[in-house]
Amino acid sequence: MTTTEAAAAVATQRERAPRPRKRMISAGARATMILTYVILGLLALIYIYPFLISVGSSFKTDADATQNPLNLLPETWSFAAYERLFTTVPLLQWTANSALITIIVTACRVFFDSLAGYALSRLKWRGQTIVFAGLIAVMAVPNVVLLIPRFLILKQLGLYDSFAGMIIPIIIDAAGIFIMKQFFESIPVSVEEAARIDGAGVFRTYWSIVLPMARPALITLFILSFQGSWNEFSHFLISRQSADLNTLTTGVASLTSGQLGSGNQYPLQLAAAVLMSIPVAVIFFVFQKRILSTSEGGEKG
Amino acid sequence: MSKGIRGPEGRYGWLFVAPAILIIGVFLVLPILLALYVSLSNWNGLGSPLGNSGFVGGENYSKVLLESGLAQRDFGTAIRNNLYYVLLVVPLQTALSLFLAVQVNRRLLKGRGFFRTAFYFPSVTSSIAITTIFIFLFTSSGAVNQVIGWFGINGPNWFATPTGIFSPLTGGVPGDGPLGLDWAAWLSGPSVAMCVLIILAVFTTSGTFMLLFLAALQNVGEEIEDAASVDGAGAFRTFFSVTLPMLKPTLFTVLTLGLIGTWQVFDQIYLTGGGDPGKTTLTPAFLAYDTSFYNLKWGQGAAIAFILFGIIVALTLLQRWVLRDRDLGASGVRRQKRALARLMRDAAAGAKR
Amino acid sequence: MRARTWGAALLTVGVVAGLGACASGGGDSSGGSELSILIGTSGDAETAAVQAAADAWAADNDATVEVVVASDLTQQLSQGFAGGDAPDLFYMSWDQFATYASNGYLDPYAADLPNAGDFYPALTDTFTYDGTFTCAPKDFSTLGLIINTDLWAAAGLTDADIPTDWDSLEAAATKLTTADTVGLSFGLEYARLGVFMNQAGGQLVDGDTVTADSPENLEGLQYVQKLHDAGVLKWPSEIDAGWGGEALGAGKAAMVIEGPWIKGIQGDFPDTNYASYELPAGPGGQSTFTFTNCWGIPADSDTADAATSLVEYLTADEQQLAFGDAFGVLPSTESAAATYAEQHPENASFVAGNDYAVSPVNFAGSATVISDFNAQLANLAGGDAKAILESLQSSLQEALDEANGN
């Protein structure tokens, strides 16, 4: 997760729903509306069509995909690409690796980030400000700069080319802590004080009282972490080299960047791209309302 | 009294942040320090850098920045490519996402949810998947060229054309520019292949920023727009004079995030051949990786990574400074509220006439 | 309350420690040797052949061998070395060899091999660093002119028209160029254009001096430009092909410049008939490139003895001929190559080429310069060949000076 997502989530966590109003529509306004629909429709088509083409092309033969790239439907339906994907290409192993890593990283991030966020926002302890300042500084470090350094440290610690090396460096991210901290600060203190007076300990207060109230932020964190770790590429590139540690991202990258040999094998590559996007798409559609109302997302730039 | 209840907080506070401090310390701070050392050394990649290398001071940095030669030229090329990428992607994605947000936000629009989903969906998928799809779409006989063909234009061989798009105009400019490239090279613009990556970036990030603008627009509220339009302001006037100023903070966020993100582009470069064609899609991030992992010049690669870090930090600070004056302080907010109140009074008065 | 806190903390520590324990350790190689071989494969045929050979040796030598196919050999090798976990035996390509040798990565075992003298001199030279013959060449390939025999006949050409010099090459390409097919195609890179520079009598390096910016090299590049301007030569990317072989197989080009690996197109293009010939001579004579890989063993490796024994087995004439049959590479020893040429007349021209072939330039650090050269060649069509050579001259001289420790 990057600073983008933190800022986005924080900036929009509280939004007012627009209040609908009825108005009379003039002819001029109607014409503008129609124009708007046309433009937006066209744009939406441009945004969606690549994915539709990919799905359609994955069922085409190699030659058909090369010669008729725009057609959504194949001339002759062919499952050859999918067959290859599940036999010669170890797609299932890649998926298993990705799933394992994503589950662990997401769970750890949700747990540790909220823990640290709570400590920074609600608890009083010495050194709090310094740690928070350090957090902000850390968020300023761009991911890309860390590629070589992380490789060196992993090598130094002997964690290179192992699941531990792929997972541990990313189980906590500063942006997530920041999101949780901002959210905790919006929860009224009175609830906690009440619990504390009732005799609950610090961890109990956190776990049973405050955390359930933070559900919106936790869901946000969950979605961001899931997406971030499922789509992570550069870290997996530098932290491993064995073929059996390939995740979906590094595996599909090896397919696209030429491991296939000669010939245009687009259906295979497209099928892989489509399949690897399904889990994040599912999470997206399930949590759509929440995502689209709190406006966070991944940074691709 | 409060101390009694909050007594053990000190211990718990540290305990709760301990994992975070540990992980971030070991896997972020420590690596930076180690890489800093490597960038000042002549480590050759064998064994641990701490034992088997010699300190050479700023030699790696001067090789990349100051001494004329291939290393400096490659770095200059990478900076030039990334510069054009930034200069094109950031305004385009900001403008497009703002446009989309404004359109999707309109009250009278049916199917808002559908449009929002459509525009945001590309942001959810992995850069690897999208790049794979784009490679398919932009082959010389691919979907994009077929569509352009309907308009009678012969599309270029997108990924294989290294000529910069401005080079017909600027090809004759004489003289040598900074970092070992001559001015004609600096001014040649992004290559056709780079343009595909620019389109890709705008495609995948406009959805995210659209959501940011949407949230901000909904905070702006409708009464203001109503007031302005009753007052006689047309749609454009309302937008530029009323809505846009109120979006300044979000605009600022979007620009900052865009700047930070575009200077880090790596995945797409890796997947499309690492600089092909003709090193016109080479970027500093990939150059650092390539120099270290392929050419085994770890010190130089680390130096490039740190220079990139410096660029990003400098740009972010610069942008904060440039836009800080116009950020709404407390007095600015009051001023704006008064202006809005005045606007609404006028609207009410106007409606009575 | 407190127990739960500490319980959670312990759980955390336990998870982290458990993951740490999963870290794969370095390869242990003691006792009955376990060897890992890292290869970059041209296809299933090669992988299977290498595995079979390795298993045969392992059975006789109380060892186990694992063949690992790299998706990116260079990157995986560099990461392996940096991670302290290099494979016991690996393909070492000609262009990376000098860099690895100069960094002290390689064990110089080859000079002590019993069959060290059997290899082609050109190949031994390629893999000699600082006067020491370092690693054993595993095979070689040269470039030849591959002609689509059906298109050749359809254009009314006969054996007498087979190009033997630049003019006849141009004539043949012109005759073969039609609306759908271009007469000649090859990749726009040093690994192909370099042969024309050499055929004009030029070379890139002469001892300690770089001679890239010479009239002969310029002549070579200008000849290529002339063919391209006339429309009888197109790069594979211009005709929607990934490489020359694909252009040939799909019928988009009638002649291509490739090596014996062209055999691999028969899987995708079974109906294309072709024949291979030696490259035509230029004003400076005949010249072609030889590409070769060697078997690399890491320096200070525990398994060096076992690996050396495996290399001896793999470079024996018999085994090399088996590889040649399986995936079309040419044996690296002169004796085996001669036998191979007899058994496989379709590749005889490639073998013959090795008598006058040279290796593309390959000293430590030259790879970066060559990839820059390739990047600049992207602008060759309609561009300034002299400027490209001048840039190559300065960069290559700088790299050569650095390699020589100046």
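The values are calculated or read from the model by the stated rules, or taken from the named source; none is laboratory data. Computed from a predicted structure; not experimentally measured. Positions of Cβ are backbone-derived with ideal geometry, glycine not excepted, and every protein chain shown enters the neighbour counts.
Of the helices (runs of 4 or more DSSP H) lying entirely inside region A:1-110, those containing at least 1 residues that are modelled with pLDDT of 90 or more and either among the aliphatic types (A, V, I, L, M) or more than 23 Å from A:K289 (Cα to Cα) (or both) are A:27-57.
Report whether or not B:V144 is farther than 22 Å from B:N81 by Cα and of a type in the set (V, I, T). Yes; evaluated as a whole, the condition is true for this residue.
Run down C:A116, C:A98, C:A110, C:A154 and say which single residue is surrounded by fewer than 19 Cβ atoms within 10 Å (Cβ to Cβ) and outside the structural domain of C:L279 (by TED's automatic domain parsing).
On the way: C:A98 fails: surrounded by fewer than 19 Cβ atoms within 10 Å (Cβ to Cβ); C:A110 fails: surrounded by fewer than 19 Cβ atoms within 10 Å (Cβ to Cβ); C:A154 fails: outside the structural domain of C:L279 (by TED's automatic domain parsing).
Answer to the selection: C:A116.
Of all residues in region A:279-300, those that are more than 23 Å from B:T94 (Cα to Cα) and at pLDDT 60 or above have Cβ atoms under 6 Å from Cβ atoms of residues that are buried (at least 17 other Cβ atoms within 10 Å of the Cβ) and not aliphatic (A, V, I, L, M), 6 or more apart or on another chain, in A:V280/A:Q227; A:V280/A:W230; A:I283/A:F226. When region C:44-62 is filtered for residues that are in contact (Cβ under 8 Å) with a residue 60 or more places away in the chain and not in a helix (DSSP H, G or I), only C:N61 remains. In region A:188-203, of all residues being surrounded by fewer than 17 Cβ atoms within 10 Å (Cβ to Cβ) and of a type in the set (D, E, K, R), the one that is nearest to the other protein chains (Cβ to nearest Cβ) corresponds to A:E193. Of all the listed residues (B:F286, B:F252), the sole one being surrounded by fewer than 24 Cβ atoms within 10 Å (Cβ to Cβ) and in a helix (DSSP H, G or I) is B:F252. May I ask you to verify whether B:L100 is surrounded by fewer than 16 Cβ atoms within 10 Å (Cβ to Cβ) and either closer than 28 Å to A:S229 by Cβ or not acidic (D, E) (or both)? So B:L100 fails the test.
Return a yes/no flag: does region A:49-59 have any residue that is more than 30 Å from C:F269 (Cβ to Cβ) and more than 9 Å from chain B (Cβ to nearest Cβ). The answer is yes, given that some residue of region A:49-59 is more than 30 Å from C:F269 (Cβ to Cβ) and more than 9 Å from chain B (Cβ to nearest Cβ).
Quick grid of which residues meet (1) within 26 Å of the chain's Cα centre (by Cα); (2) at pLDDT 85 or above; (3) more than 14 Å from chain A (Cβ to nearest Cβ):
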{"site": "B:W158", "(1), (2), (3)": "yes, yes, no"}
{"site": "B:W186", "(1), (2), (3)": "yes, yes, yes"}
{"site": "B:P190", "(1), (2), (3)": "yes, yes, yes"}
{"site": "B:I199", "(1), (2), (3)": "yes, yes, no"}
{"site": "B:S206", "(1), (2), (3)": "yes, yes, no"}
{"site": "B:F213", "(1), (2), (3)": "yes, yes, no"}
{"site": "B:R237", "(1), (2), (3)": "no, no, yes"}
{"site": "B:S241", "(1), (2), (3)": "no, no, yes"}
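Note on region A:111-131: residues that are buried (at least 22 other Cβ atoms within 10 Å of the Cβ) and either under 23 Å from the mean Cα position of the chain (by Cα) or touching a residue at least 12 places away in the same chain (Cβ under 8 Å) (or both) amount to 9.
Scanning region B:48-64 for residues that are under 21 Å from C:G80 (Cα atoms) and assigned to a helix (DSSP H, G or I) yields a total of 0. Out of everything in region B:255-282 that is within 9 Å of another protein chain (Cβ to nearest Cβ) and among the hydroxyl-bearing types (S, T, Y), what residue ends up being surrounded by the fewest Cβ atoms within 10 Å (Cβ to Cβ)? The qualifying residue surrounded by the fewest Cβ atoms within 10 Å (Cβ to Cβ) is B:T256. Hey, among the residues in region B:43-73 that are over 14 Å from C:N103 (Cβ atoms) and aliphatic (A, V, I, L, M), which one's farthest from the other protein chains (Cβ to nearest Cβ)? Among them, the one singled out is B:L65.
Screening B:G45 on (1) part of a loop (DSSP other than H, G, I, E, B); (2) within 26 Å of the chain's Cα centre (by Cα) shows it passes everything except condition (2).
Which one is nearest to the other protein chains (Cβ to nearest Cβ), of the residues in region B:6-42 that are surrounded by 21 or more Cβ atoms within 10 Å (Cβ to Cβ), in a helix (DSSP H, G or I) and in contact (Cβ under 8 Å) with a residue 60 or more places away in the chain? That would be B:A35.
Only one of the numbered conditions (1) more than 23 Å from C:E398 (Cα to Cα); (2) in contact (Cβ under 8 Å) with a residue 60 or more places away in the chain; (3) not acidic (D, E) is violated by B:Y61, and that is (1). For residues that are within 17 Å of A:M33 (Cα to Cα) and of a type in the set (V, I, T), scanning just region B:87-119, find the one that is nearest to the other protein chains (Cβ to nearest Cβ). Among those residues, the one meeting the criterion is B:V104. Restricting attention to region C:210-268, the residues that are more than 27 Å from A:T66 (Cα to Cα) and either within 14 Å of chain B (Cβ to nearest Cβ) or modelled with pLDDT under 90 (or both) add up to 3.
Yes or no, residue by residue, for (1) closer than 25 Å to A:A273 by Cα; (2) not small (G, A, S):
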site: A:V202; (1), (2): no, yes
site: A:Y206; (1), (2): no, yes
site: A:M213; (1), (2): no, yes
site: A:F222; (1), (2): yes, yes
site: A:S225; (1), (2): yes, no
